Amino acid sequence: MRGQRVTRPGRRADDVRRGRDVAFAVAACTALTWYNNVAGRTSWHRRWYPAVNAGAAAIALAAAAASGLTADELGLRRARLRAGLRLGAMASAPIAAAFALAPVTPARTLLHDQRVAGLDRRQLAYQVLLRIPVGTVCWEEVAFRAVLPAALHRVLPRRAALVTASALFGLWHVRPTAEALTGNQLATGRSARVATVGAVVAGTSAAGAFLSYLCESSGSLAAPVIVHLTANCAGPLASAVNSRVERHRADR
């Protein structure tokens, strides 16, 4: 009939698909903002940290697959694995070298971390072999370099998707940063505490952007995984070495 707008079936399907993509992207942003800063406070999450976060990573990947995201979009295509490993190794080398040299340079003052100083060898091994690789790196890379950017790329321009994912990665670190400041008795004043947390959020957002760049450049999640793993594991190891060196000096 005249005057009636005819909606093509193909256009209707596109609108439905667009709506689903937007809903999934919003749900991913909301869930990740809530997860670490709210669920991360609970005793059960702290106790079962590696297992819970590994399960969360599996659920996130399953949800991404159900939403139609492909292995290529997620950085999980097998053909790109070698490129990811190569770029990750190149990018992580200077990070590992910096942490290796830190205990014998003036930068060793930055390695004072009471959370690490009190760990015995078994506890330190648990941190660098299980808790950090599985509970932190695997989960965060799946969430922030695979699922979230892929979901956002479907509904936002590339740069906007990158900025949003990186900003959420920064906000993800609000609670852990506040707890680290409390544990090490740093930035005890409110203004200093807010400024420090803000600086860390900005820094981790920038780090998130860099890790996303590695993932996009190589086409593989392996690149940011290697860099993230190196940074997060080298820190506690260097801190532990520094604590032992200082104790040895004090005993002499």
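Quick notes
- Of the residues making up the stretch 105-112, not a single one is among the charged types (D, E, K, R), exposed (fewer than 12 other Cβ atoms within 10 Å of the Cβ), more than 21 Å from Ser212 (Cβ to Cβ) and modelled with pLDDT under 90.
- Pair list, Cβ < 7 Å and 6+ apart or interchain, from the stretch 37-52 residues that are under 11 Å from Arg131 (Cα atoms) to residues that are among the β-branched types (Val, Ile, Thr): Pro50/Val134
- Qualifying residue in the stretch 8-26 (condition: aliphatic (A, V, I, L, M), modelled with pLDDT under 90 and in contact with a Pro (Cβ under 8 Å, 6 or more places away or on another chain)): no
- Number of the condition not met by Ala54 [criteria: (1) aliphatic (A, V, I, L, M); (2) at pLDDT below 95; (3) surrounded by fewer than 20 Cβ atoms within 10 Å (Cβ to Cβ)]: (2)
- Of the criteria (1) of a type outside the set (Lys, Arg); (2) surrounded by fewer than 20 Cβ atoms within 10 Å (Cβ to Cβ); (3) touching a Leu at 6+ places or on another chain (Cβ under 8 Å), which one Asn232 fails: (3)
- Yes/no for Pro149 being more than 29 Å from Ala83 (Cα to Cα), touching a residue at least 40 places away in the same chain (Cβ under 8 Å) and either assigned to a helix (DSSP H, G or I) or in contact with a Pro (Cβ under 9 Å, 6 or more places away or on another chain) (or both): no
- Within the stretch 113-130, considering residues that are of a type in the set (D, E, K, R), exposed (fewer than 13 other Cβ atoms within 10 Å of the Cβ) and assigned to a helix (DSSP H, G or I), the one modelled with the lowest pLDDT: Arg121
- For the stretch 208-224, the set of residues classified as surrounded by fewer than 19 Cβ atoms within 10 Å (Cβ to Cβ) and in a helix (DSSP H, G or I) consists of Ala209, Phe210, Tyr213, Glu216, Ser217, listed by residue number.
The values are calculated or read from the model by the stated rules, or taken from the named source; none is laboratory data. Everything numeric in this text was worked out from a predicted model, so none of it was measured. So basically every Cβ, Gly included, is an ideal-geometry build from the backbone, and we count neighbours across all protein chains shown.
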